[in-house]
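Here is the structure we will look at.
Derivation of every value follows stated rules applied to the coordinates shown; laboratory data play no part. All figures in this text were calculated on a predicted structure; none of them were measured in a lab. No Cβ is skipped: glycine too gets one built from the backbone with ideal geometry, and neighbour counts run over all protein chains shown.
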Amino acid sequence: MLFAVYPIFAFMPVEKGGLALSEARIGIHMSFRAVTQILALIPYPYLERRYGFMRMYRFSMLLWPVTIALFPLLNVVARSNGEEGCLWYGALFVFFMVWAFTGWAWSTCNPLLVSFRAHLSPAGMFIMVNEASPDASTLSSINS
């Protein structure tokens with residue numbers, strides 16, 4: 001969803017709530033977002049072992065509203081400081097890292113495959129079903 005919304009938001013004029021970025025700058029932002037996704041993979045295996053898949057899933061799902069709420073914050077920073085300076089790049093880094101952590105909702109124990117979230121969504125659901133099943137006989141009836 002955000003991969004479609006963010007470029008539109010970034011292209012809109014600042015006066016209308018956007019960031020007034022050029023197409024080239026939007027492409028750079030999306031590339032930076034990919035780098036933050038890779039950075040978000042680093043702590044994932046440790047955190048999943050420590051807190052479990054369900055807690056990680058819930059945490060990442062709770063970050064979706066936070067990610068959406070950061071859109072107006074980026075506009076406020078763009079209005080006050082423009083697209084330069086430490087505050088602007090700090091706000092972008094926070095926004096992209098929070099957005100990257102939402103990808104944990106679709107990951108499994110193998111964090112190297114998080115970029116294939118569309119394919120891992122069913123895998124994440126299967127993990128949750130397996131963990132929710134009290135024993136093997138009920139698991140077979142749940143999956144059928």
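Distance between the 7 Å Cα→Cβ label points at Arg25 and Cys86: 2.1 nm. For segment 1-71, averaging the sequence separation of C-alpha pairs within contact (under 8 Å, six or more residues apart) and dividing by the residue count gives a relative contact order of 13 percent. Less than 11 Å Cβ to Cβ from Met56, Lys/Arg counted +1 and Asp/Glu -1: what total charge do the surrounding residues give? Net charge around Met56: +3.
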